[in-house]
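Novice: Pasting in a structure now, in C-alpha cells, and then I'll have a few things to ask.
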Amino acid sequence: MNKIKILTSVLKANDQLAGSTREWFNGKGITAFNMMSSPGSGKTTIIESIVGTMKDRSSVAVLEGDIETTLDSERISKKKVKVVSINTGPFGGDCHLEASWIRTALGELDLKKVKTVIIENIGNLVCPAEFDTGSHRNIVVLSVPEGDDKPAKYPLAFNKADLVILNKIDLLPYVDFDKKTFLKNLRSVNPKAKVIETSGKTGSGIHKVSEWMDAQRMTRRKK
Amino acid sequence: MHELSIVMNIFDIITEKVPDKKIRALKMAVGDISGVSVEALRFSFDIAKKGTALEDAELKIKRVKVSVRCRKCGAGAVLKDRFVLQCPECPSRDVEIVKGRELNIEYVEVND
Ligand SMILES: Nc1nc2c(ncn2[C@@H]2O[C@H](COP(=O)(O)OP(=O)(O)O)[C@@H](O)[C@H]2O)c(=O)[nH]1
Ligand SMILES: [Mg+2]
Ligand SMILES: [Zn+2]
C-alpha cells in the first residue's frame, strides 16, 4: 500500500473565494456584514428596522439567504432597498451560505451606490460559522427565549462574532434568561465581541446597531 | 447539516490530486469545533462513495482537540472538556485558537 500525502483543508476553496470577495468589496468601498442566528431569532426584523431608519436606502443591499421563511425577501424589498434571494440549491446546501453563492448573488445586483451589504445567513448556528462568506464583520443574533447557555452550545459561531445582538429583550420578564450567565458564557468563548440589547418589537437598541455598523465602516475606511 | 456536500468536496479534491487511482483509505483530521459531525461524515461518506474511486476506501478520522495559545504570555494548552477561552497561566482571555477547527484531508492510501 502506498500513502499519498494531500494535507489540504476541505474548506480551502471556500476560504480563498471568500478572501477574494473581501478584496472585491474593498475595491468598491463596500463593508459587508454577515448575520447569523437560529431560525426566528429576529434577523429579518432587525434588518428591516435598520434599513427603515436609513436616510439613503440606495446605499444598502441585502442578500437574503434565510430560507426558513420564504417571505423574508419580500419583507425587505417592501423597505425599498435592493435585495436578492440566494437559492442554495437542492443538494445538502440549505444549511449555510458559501462564498460562491454570495459571489453569484452579488452579480445580480446594481452595486453602484452601495456602501453596505448585509447578508442574512441561513437560520442555523452550526454550519454558517464554518463557512467564510467574504464579509468583513460577523453579527450573531440571540433572542432571549433561546436561553443564556447558547454561547457554550455554539462556541464557533459566538467565537467568530464581532457583534452579538441580544434580541427580544422585551420578553425578558417572561423567560428564564439570566444576563449575567449569558455574559459569562459569551466571554468564555469570545472576550471581545460588542453586545447590544435590542427589541425588534419596540425598536429599542436598533439605533445602537446602526451606530456600530457606521463605526465599522469608518474604521475600515481609515485603514 | 452539510456533511454530504463536504464529502462531495473531499471527493473532488482527491480526484484532482490523485486521478485514476483506486483509493483504499482516506485519512481526515476533524477538529472538535470544526462544526462537522463525525457520525454524519461517516454516514455521508458511505452513501456517496458508491461507484466512485473511493468505493472500497476506509474512512479514518483523527479527532483534534482544541488548543489555545495566550497572546499575552505565550502559554499554550489543550482544552480538556469545555470550550473556554482562558489562558492556562495568566488571567488573560486574549487567547488564539491554534487547533480544533481542522477539516483536513491528510493522506490517501492507494495500491502500489
Ligand atoms: N417579542 C418579540 N418578537 C420579535 C422580536 N424580534 C422579532 N420578533 C418576532 O420573531 C419572529 C421571527 O423573526 P424574524 O425576524 O423572522 O427572525 P429570523 O428567522 O431570524 O429572520 C417574528 O414573528 C418577529 O415578529 C422582538 O424583539 N421581540
Ligand atoms: Mg429571516
Ligand atoms: Zn497568558
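Novice: Do we have any residue at all in region A:117-140 that's modelled with pLDDT of 95 or more, more than 16 Å from ligand 3 (Cβ to nearest atom), part of a helix (DSSP H, G or I) and open to solvent by less than 50 Å² (accessible area, probe 1.4 Å)?
Specialist: No, region A:117-140 contains no residue that is modelled with pLDDT of 95 or more, more than 16 Å from ligand 3 (Cβ to nearest atom), part of a helix (DSSP H, G or I) and open to solvent by less than 50 Å² (accessible area, probe 1.4 Å).
Novice: Could you tell me which of the residues B:ILE6, B:ILE105, B:ILE13 is within 15 Å of the chain's Cα centre (by Cα) and either farther than 29 Å from A:VAL189 by Cα or within 16 Å of ligand 2 (Cβ to nearest atom) (or both)? Reasoning before the result, please.
Specialist: On the way: B:ILE6 fails: either farther than 29 Å from A:VAL189 by Cα or within 16 Å of ligand 2 (Cβ to nearest atom) (or both); B:ILE105 fails: either farther than 29 Å from A:VAL189 by Cα or within 16 Å of ligand 2 (Cβ to nearest atom) (or both).
Going through B:ILE6, B:ILE105, B:ILE13 in turn, just one is within 15 Å of the chain's Cα centre (by Cα) and either farther than 29 Å from A:VAL189 by Cα or within 16 Å of ligand 2 (Cβ to nearest atom) (or both): B:ILE13.
Novice: Pairs under 6 Å by beta carbon, first residue within 7 Å of another protein chain (Cβ to nearest Cβ) in region B:2-19, partner part of a helix (DSSP H, G or I) and hydroxyl-bearing (Ser, Thr, Tyr), six or more apart or different chains?
Specialist: From region B:2-19, the pairs are B:LEU4/B:SER44.
Novice: Kindly indicate which of B:ASP32, B:ASP112, B:ASP94 is more than 27 Å from A:VAL126 (Cβ to Cβ) and open to solvent by 20 Å² or more (accessible area, probe 1.4 Å). Quick ask: steps written out before the conclusion?
Specialist: Working: B:ASP32 fails: more than 27 Å from A:VAL126 (Cβ to Cβ); B:ASP94 fails: more than 27 Å from A:VAL126 (Cβ to Cβ).
Result of the check over B:ASP32, B:ASP112, B:ASP94: B:ASP112.
Novice: For A:LYS194, which of the numbered conditions (1) more than 20 Å from A:PHE33 (Cβ to Cβ); (2) open to solvent by 60 Å² or more (accessible area, probe 1.4 Å); (3) not polar (S, T, N, Q) fails to hold?
Specialist: Status for A:LYS194: all satisfied but (1).
Novice: Here's something else I'd like to know. If a residue counts only when it is within 14 Å of ligand 2 (Cβ to nearest atom), which helices (runs of 4 or more DSSP H) contained entirely in region A:1-80 have at least 1 such residues?
Specialist: Passing ranges, in order: A:43-52, A:72-77.
Novice: I've got another one for you. Taking the condition of being open to solvent by 10 Å² or more (accessible area, probe 1.4 Å) and closer than 22 Å to A:GLU130 by Cα, how many residues in region A:22-37 meet it?
Specialist: Total meeting the criteria: 3.
Novice: Pairs only if they're at least six apart or on different chains, beta carbon under 7 angstrom, first in region A:33-60 and at positive phi and within 14 Å of another protein chain (Cβ to nearest Cβ), second of a type in the set (Ser, Thr, Tyr) and within 14 Å of ligand 1 (Cβ to nearest atom); list them, first residue then second.
Specialist: none
Novice: I've got another one for you. Exactly one of these conditions fails for B:ARG63: (1) more than 16 Å from ligand 3 (Cβ to nearest atom); (2) within 13 Å of chain A (Cβ to nearest Cβ). Give me its number.
Specialist: The number of the failed condition is (2).
Novice: Would you point out which residue out of A:LEU106, A:LEU97, A:LEU111 is at pLDDT below 95 and under 12 Å from the mean Cα position of the chain (by Cα)?
Specialist: Working: A:LEU106 fails: under 12 Å from the mean Cα position of the chain (by Cα); A:LEU111 fails: under 12 Å from the mean Cα position of the chain (by Cα).
Checking each option against the conditions leaves just A:LEU97.
Novice: Starting from residues that are surrounded by 15 or more Cβ atoms within 10 Å (Cβ to Cβ) and β-branched (Val, Ile, Thr), keep the ones in region B:66-91 and report whichever is nearest to ligand 3 (Cβ to nearest atom).
Specialist: Applying the filter and picking the extreme gives B:VAL68.
Novice: Then there's this: Which of the residues belonging to region A:197-216 are over 13 Å from A:ILE46 (Cα atoms) and surrounded by fewer than 17 Cβ atoms within 10 Å (Cβ to Cβ)?
Specialist: Hits for region A:197-216 are A:GLU211, A:ASP214, A:ALA215.
Novice: Continuing with the same structure: Hey, can you tell me all the residues within region A:171-189 that are open to solvent by less than 50 Å² (accessible area, probe 1.4 Å), in a helix (DSSP H, G or I) and within 24 Å of A:HIS207 (Cβ to Cβ)? Outline the logic, then answer.
Specialist: Here is the first cut: in region A:171-189, the residues open to solvent by less than 50 Å² (accessible area, probe 1.4 Å) are A:172, A:175, A:177, A:182, A:185-186, A:188-189.
Now restrict to residues that are in a helix (DSSP H, G or I): A:172, A:182, A:185-186, A:188-189.
A:LEU172, A:PHE182, A:LEU186 - these are the residues of region A:171-189 that are open to solvent by less than 50 Å² (accessible area, probe 1.4 Å), in a helix (DSSP H, G or I) and within 24 Å of A:HIS207 (Cβ to Cβ).
The values are calculated or read from the model by the stated rules, or taken from the named source; none is laboratory data. Just so it is clear, the structure is predicted and the values come from calculations on it, not from any experiment. When we count neighbours, we look across all protein chains shown, and the Cβ atoms used for this are built from the backbone with ideal geometry, even at glycine. Only protein heavy atoms, including side chains, enter the accessible area calculation; ligands, DNA and RNA are left aside. Shrake-Rupley method; radii C 1.70, N 1.55, O 1.52, S 1.80 Å.
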